[in-house]
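First comes the structure, then the notes that go with it.
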Amino acid sequence: MATANFSLQTKDRKRLIKDRLVRWIVSFGGLSVLASLIFIFVYLAYVTFPLFSDAKVSWSQGIELSIDKPIVYSVVDDHGTRAAFVTSDGEVVEQSLVSGQQTIRQLPISISMLKTVNNDQLLIVDSDQRLALVQPKFKWQSEKGQSDLELELPGRADWMPTHGSVISLVTATSNAYGTAFAMVDSSGLVHLIWQPTSSDTLDSSDSKTVQTISTLAPLDSADEILLTPDAQTVYVRSGNELAVINRGAEHLVVRELVDLTVVDNAKVTGLKLLSGAHSLLVEYDNQQVWQWFDVVKQDARHLTAIRSFNFDAPLTALLPENLTKGFITVLADGSLQSNYTTSERVVFTSSLPSKNPVSVSALSYNNQYALVLSGGMTYLGHIDNPHPEISLSALFGKVWYESYPEPEFVWQTTAASDEFEGKYSLVPIAFGTIKAAMFAMLFAVPIAVLGAIYTAYFMSSSMRKVVKPTIELMEALPTVIIGFLAGLWFAPIVETHLPAVLLLLLTLPTICLLAGVVWYILPRQYTSKLPSGLHPFTLIPVIIVAMYLAMTYSTDMEVLFFNGDARVFLAQHGIDFDQRNALVVGFAMGFAVIPTIFTIAEDAIFSVPKHLSDGSLALGATQWQTLVYVVLLTASPGIFSAVMMGLGRAVGETMIVLMATGNTPILDWNIFEGMRTLSATMAVELPESEVGSSHYRLLFLIALILFSFTFVVNSLAEWVRQRLREKYSAL
């Protein structure tokens, strides 16, 4: 007996060890899955977080600058190591921002006027009233380990004569096609002088031929003049009046006169061109800056006030940023403030290290360094501002972009021009995700759930053993193949036989119901010969015949119902049609989602205890009553979970929507138009995005949104499933 007890204790000890080992393994596996989910969430949030972090400005110690003459031009290099200043008499002062060493040289030109144009170019007017434009730039000298200023003086052919005109105001610009000067003379004439470069093949005349075109300024006087970089538009301001003058083939054309008054008694103090030159930044004496740009109204462009920016102190200087739609202001209270136009946000505000008034300010071309001259000292600010265009309002609100007629939700991340502004509204692609999922679920849920009900409750066991594995195998089909077939094979069929497809969507369910009615009224001696559970075979010929007739007579139906052309008929009624549209996506994605919903729902219905249905039937309930009031109620938690799992699959689907739609981010519920989804956007744009850029981090934000949505949906589904399970567990 003692030996037997020892043997039982040994077995119990082994069993206990095995139980603990399995418990640890299962617990470790569960915790590993949970840790993986947490890690994914944390990593996505880590990459996304810098989008919403504040910009930072750090100031260096001041360096003394010995200049006692008015400074008309200032520039700082992209490394923050060198600065240069040009005085009104042509003295060029270079300063090391590291050591403070200065070098001074004089321009060998008899100067009448010097002026900064386009933020970084220097306009020269000599004593003979000739004009020249130079581009000072820093060039890295590897042997010195520093940048030196290169200021190439204009040659004889680069000077533009004014032919005796007395210059009142002048500005200039240059591009790949030539150099242009715009000026207002003492008689009130506006002149545009254009000299094409030798590479300008669009001009059939001599490439060095200078063209001068003029018009009379429609203003009594002129306070300011601006010229766009493409030399196509001249702005002349007099007080609060602005003349917009376009360049024509042989003369200048006054397009419109604009009253810049937006607030009573507010006077305009200055104009600046925003990067890209599609917008004007207008300064007012009430501590406001307004953005104006052209808006098409009644088939004509009109300069329109778009948005305002308020400041707590008067403006000392306004510096438009390069290659972005932001600007930096130096305020009289000793602070530096950055604003971004489209996101309408204050990016940063930084106190200047000196309390003295700022006399000179400059911004490096890469927008990373700001230079101010205050109290005879130069101060360099390092700006860490990688994502100024991102804000919650820009991501989820309507934004009025340049050249757009009104505020819109726009997702457009790339273009051919360097002046392009990325448009990062997540609303169109989130809407596309919802649209694709909705049409897929409209197609998949009825078929999958009703099919699961019939398979689990009515179908014979022998037939169920064939049907259920077959549908489960559908889930193994690669979605890229489904998307490929949907885009290249099914979409053209839908386009060619559009009336038949629309008719089948409406009539096929009705035909199936009518077939059921006919089967019901047939004599029992015929219907009883078909084994129970094999009734679907009677519907297959009906469906095939209905589809054949619809496809065969599609053209006749098109003539009868759509005046011969369904697409033209839709267009006449304001409905656009794309070959790859939401209808195609609904069919294709529904085909991929059906196995998921069917499998889970069928298992839930089939797992309902047999004694529940037997008891209901024994009490006199019919099969339908038993199904509706007993089986489906008991299986409702599983059916709900199946639908939620299908929704998660539809929301996260990538390849089908990528290949079966036009991938156009539009906001339209039209079933005949396509869409772009969050997942497809990630798949298409992630390979071409620059690591660390706003675009790159936004794609990770999209991944975080999808991840969070799936987590919330699954958690909600589990909560509802548990509630339903508790509610109907007493059955």
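Nothing in this text is a laboratory measurement; each read-out follows from the coordinates by a stated rule. Please read all numbers here as calculations on a predicted model, not as lab measurements. Here the Cβ positions follow ideal geometry from the backbone for every residue, glycine too, while neighbour counts run over all protein chains shown.
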### Query
Taking only C-alpha pairs under 8 Å that are 6+ residues apart, what is the relative contact order of the chain in percent?
10 percent
### Message
Helix-only mean residue ellipticity at 222 nm, the chain, DSSP H runs n ≥ 4 weighted -39,500 (n - 2.57), per residue, nearest 500. What is it?
### Response
-12500 deg cm²/dmol
### Query
Charges only on Cβ, +1 for Lys and Arg, -1 for Asp and Glu: so what's the dipole of the chain about the Cα centre, in debye to the nearest 20?
4740 debye
#### Entry: Within straight-line cross-link reach of residue 14, aspartates and glutamates at Cα separation under 18 Å, skipping those fewer than 8 residues along the same chain
none
### Message
For P(r) over Cα pairs in 10 Å bins from 0, in percent, one of (1) 3, 13, 24, 28, 20, 9, 3, 1, 0, 0; (2) 2, 10, 16, 17, 14, 11, 10, 8, 6, 3, 1, 0, 0; (3) 3, 12, 20, 21, 18, 14, 8, 4, 1, 0 was computed from the structure I shared and the rest are decoys. Which label?
### Response
(2)
#### Entry: Cross-link partners of residue 465 among lysines (Cα-Cα below 24 Å; sequence separation of 8 or more within a chain)
529, 610
### Summary
Heads up, the stretch 437-728 by the C-alpha gyration tensor (a ≥ b ≥ c square roots of eigenvalues; a/c under 1.5 rounded, else a/b over b/c prolate, else oblate) looks oblate
### Query
Out of the stretch 462-523, which GluC sites (Glu not before Pro) are coil in DSSP terms and have no more than 16 other C-beta atoms within 10 Å?
475
### Query
How big, in percent, is the set of alpha carbon pairs in the stretch 49-147 lying more than 17 Å apart?
59 percent
### Query
Can you pull the Rg over Rh of the stretch 210-349, Cα-only, Kirkwood?
0.98
### Query
Which chymotrypsin sites (Phe, Trp or Tyr not before Pro) from the stretch 656-731 combine a DSSP loop assignment with at most 15 other Cβ atoms within 10 Å?
669
### Query
Per residue, what volume in Å³ does the Cα convex hull of the stretch 162-259 take up?
85 Å³
### Task
Quick one: check the C-alpha center-to-center distance for the stretch 266-286 versus the stretch 655-731, whole angstrom.
42 Å
### Task
Using Cα centres only, tell me the gap between the stretch 502-562 and the stretch 413-484 in whole Å.
26 Å
### Task
Towards the positive end of the charge dipole of the chain, with charges on Cβ (+1 Lys, Arg; -1 Asp, Glu), say which of 639, 499, 587 has the farthest Cα.
639
### Task
Could you sort out which of 297/423; 272/398; 56/398; 56/325 sit more than 20 Å apart by Cα distance in this structure?
297/423; 272/398; 56/398
### Task
Could you point to the residue in 374, 58, 695 farthest towards the positive end of the chain's charge dipole, with +1 and -1 charges on the Cβ of Lys/Arg and Asp/Glu respectively?
695
### Task
Restrict the search to the stretch 480-579; then list the trypsin sites (Lys or Arg not before Pro) that DSSP places in a loop and that have at most 15 other Cβ atoms within 10 Å of their Cβ.
529
### Query
Can you give the percent of C-alpha pairs in the stretch 318-470 whose distance is more than 24 Å?
57 percent
### Message
What does the extension gain come out to for residue 525 and residue 356, with contour length at 0.36 nm per residue minus their alpha carbon separation?
### Response
50.2 nm
### Query
Which net charge results for the neighbourhood of residue 695, defined as the other residues with beta-carbon distances under 9 angstrom from its beta-carbon, given Lys and Arg at +1 and Asp and Glu at -1?
-2
### Task
For residue 468, list the aspartates and glutamates whose Cα falls under 16 Å from its own Cα; do not include residues on the same chain fewer than 8 positions away.
602, 603
